[in-house]
Amino acid sequence: MADLPAAPTPTLTAIYADYEARQGDGFRDHLGASIIGKSCARALWYDFRWVTPARHSGRLQRLFETGQLEEDRLVRNLRSTGATVLEVDPDTGRQFRVEAHGGHFGGSLDGVALGLLEAPKTWHVLEFKTHSAKSFADLTAKRVALSKPQHAAQMQVYMHLTGITRAFYVAVCKNTDALHIERIEADGEIAERLLEKAGRVIFAQHPPARISEDPAWFECRFCDHHAACHEGGGAAVTCRSCLHATPVDGGWHCARHDRMLAPSEQRAACNRHLFIPDLVPGEVIDAGDDFVTYRMADGSPWVNDARTPEAASC
Ligand code: SF4
Ligand code: SF4
């Protein structure tokens, strides 16, 4: 008979609960270079528009932390080979950051290195990733561009935006602690295509096409936005899902109130919020100041109404 999983104990439950309590609201201010390699542009648009908050179990949060903790050790490992590793930008004292599209696209580098044995005179963008045994076996068999296109895309963007021509990818197998290392050459055409993709997602008024119309498609089954995309599920009420909000250079602008919106305001929304019609599973049949009326799939009308007394005082 197979062993039963260990029953949770109060301590285990409390540890996971602590991770869950600290995970934030699940919204990221910018579109991250770490996800631009996703195959579905619609999922990226939903991410950027905060349609579904990313929520993870305490166990998974702890797993993400394992990846972060590994970074210090990898830096030590590289320094032990004689390499110079910078984890922070000496000019700012913070992680090296890259940005594009008015600050709406970007990411933070794990570091940069010089003096690597493979090419001692060349600066490299560093990218550290931890892998399960299965993922690591696939990576070593196919190499990063084929096995982990999102990681390869992230490095291309970082190289392009820093002007560094090589990346150094260090992967760790979480089961065995085996390492896999690859040097990646900058490819300006790939990076430009990724930047164009980011721009299309950021400035799109409507969600891009689905990667599949079949809700059971394998990428859809594991997508955070499955309910919103395929099941008519509701989007989170924030400024990002409001038809009055537009990403502009350096932030977000609200046409309803004709002003820029701070990130905290975007999260809170106001009571003039009206959903972007693409986020409502119905057909627009009427609209006016502060309301939109839809015919829903079952034929019933639904009014997205921001003319409430509370809204009037906004
Ligand atoms: S559910 Fe599928 S089509 Fe929809 S956003 Fe996710 S991956 Fe794309
Ligand atoms: S109307 Fe309100 S919810 Fe909509 S973008 Fe402006 S501040 Fe945000």
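None of the figures in this text is laboratory data; all of them are computed from the coordinates on show. Not measured: the values here are computed from a predicted model. Heads up, the Cβs are rebuilt from the backbone with ideal geometry, glycines too, and the neighbour counts pull from every protein chain shown.
Data for the structure
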| item | result |
| --- | --- |
| For segment 250-255, 3J(HN,Hα) per residue [Karplus equation, 6.51 cos²θ - 1.76 cosθ + 1.60, θ = phi - 60°, Hz, x = Gly/Pro] | x, x, 10, 10, 9, 6 |
| Euclidean distance between Cα centres, segment 81-139 to segment 20-38, Å | 19 |
| Hypothetical label at residue 255: residues of segment 282-310 whose amide nitrogen lies under 19 Å (7 Å Cα-Cβ projection) | 284-294, 304-307 |
| Neighbour cut-off at most 16 other Cβ (10 Å), DSSP loop, trypsin sites (Lys or Arg not before Pro), segment 72-152 | 94, 121, 143 |
| Between segment 218-276 and segment 143-199, the alpha-carbon center distance in angstrom | 30 |
| Orientation-averaged projected area, Cα convex hull of the chain (nm²) | 21.7 |
| Links that overshoot a 23 Å alpha carbon limit, given the list 38/129; 142/174; 148/197; 174/197; 121/148 | 174/197; 121/148 |
| Selection from 229, 279, 61, by position along the positive dipole direction of the chain (Cβ) | 61 |
| Most to least packed among 58-68, 268-278 [average Cβ atoms within 10 Å] | 268-278, 58-68 |
| Segment residue 118-residue 80, length gained on full extension (0.36 nm per residue, minus Cα span) | 12.2 nm |
| Volume per residue that the Cα convex hull of segment 171-210 spans, once the total is divided by residue count, Å³ | 118 |
| Net +/- balance of residues flanking residue 266 in space, Cβ distance below 9 Å, scoring K and R +1, D and E -1 | 0 |
| Where GluC sites (Glu not before Pro) fall in DSSP loop in segment 209-314, at most 14 other Cβ within 10 Å | 213, 231 |
